[in-house]
Amino acid sequence: NKPFRLVLDDALALRGIRADGYPRTSVPWLPADAAEHRRLRTLRDRVCDAIGIRRRDHDSYRFHTSLAYPIDWFTQAEAASYQQLYVTSMQHIQRKMPVLELGAPEFCLFESMYFFDRQFDLHVRST
């Protein structure tokens, strides 16, 4: 299987703030091109069909890498400091890794966010 190719969604990442005004705590990705978009959407659809679970926002849910799951709100000073660091980090990613290539998706089981027990690779059909 060829790798999945993603690029930083700089329209979101370089703002550092979500639509609700809270600092962004994930790295937003976009498929590198239309062919990658089709491959990723097809895989997502197949997984949802196989497990019988589909989010209400399935078609609009963005590809992302979570950096944190905040457990409390930032103070204004913390938010400003974090946002500056976040944007600087996104600029660094954009310069050093213009395209992120990911191997075959893996099916994992987990009891917590600390360890993902890989069960098998998901086979991706060509589109």
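The values are calculated or read from the model by the stated rules, or taken from the named source; none is laboratory data. In this text the structure is predicted, and so the values were computed from the model without any measurement. Positions of Cβ are generated from backbone atoms using ideal geometry, with glycine treated the same way; all protein chains shown enter the neighbour counts. With ligands, DNA and RNA removed, areas are computed over all heavy atoms of the protein, side chains included. Shrake-Rupley method; radii C 1.70, N 1.55, O 1.52, S 1.80 Å.
Overview of results
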quantity	calculated
Close pairs from segment 44-63: first over 17 Å from residue 108 (Cα atoms), partner open to solvent by 100 Å² or more (accessible area, probe 1.4 Å) and not hydroxyl-bearing (Ser, Thr, Tyr), Cβ under 7 Å, at least 6 apart	61/55
Filtered residues of segment 83-95 (kept if within 26 Å of residue 73 (Cα to Cα) and surrounded by 14 or more Cβ atoms within 10 Å (Cβ to Cβ))	83, 86, 87, 89, 90, 91, 93
Members of segment 96-114 found to be farther than 20 Å from residue 43 by Cβ and surrounded by 10 or more Cβ atoms within 10 Å (Cβ to Cβ), listed by number	97, 98
Members of segment 3-45 found to be among the hydrophobic types (A, V, I, L, M, F, W, C) and within 21 Å of residue 55 (Cα to Cα), listed by number	19, 27, 29, 30, 40, 43
Subset of segment 16-40 (residues that are out of contact with any Pro (no Cβ under 8 Å at 6 or more places or on another chain), without any contact (Cβ under 8 Å) to a residue 40 or more places away in the chain and surrounded by 14 or more Cβ atoms within 10 Å (Cβ to Cβ))	28, 30, 31, 36
Counted residues, segment 59-78 - those being open to solvent by 80 Å² or more (accessible area, probe 1.4 Å) and over 17 Å from residue 21 (Cβ atoms)	6
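Table: residues versus (1) within 17 Å of the chain's Cα centre (by Cα); (2) aromatic (Phe, Trp, Tyr); (3) modelled with pLDDT of 90 or more.
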{"residue": "11", "(1), (2), (3)": "yes, no, no"}
{"residue": "18", "(1), (2), (3)": "yes, no, no"}
{"residue": "25", "(1), (2), (3)": "yes, no, yes"}
{"residue": "65", "(1), (2), (3)": "yes, no, yes"}
{"residue": "72", "(1), (2), (3)": "no, no, yes"}
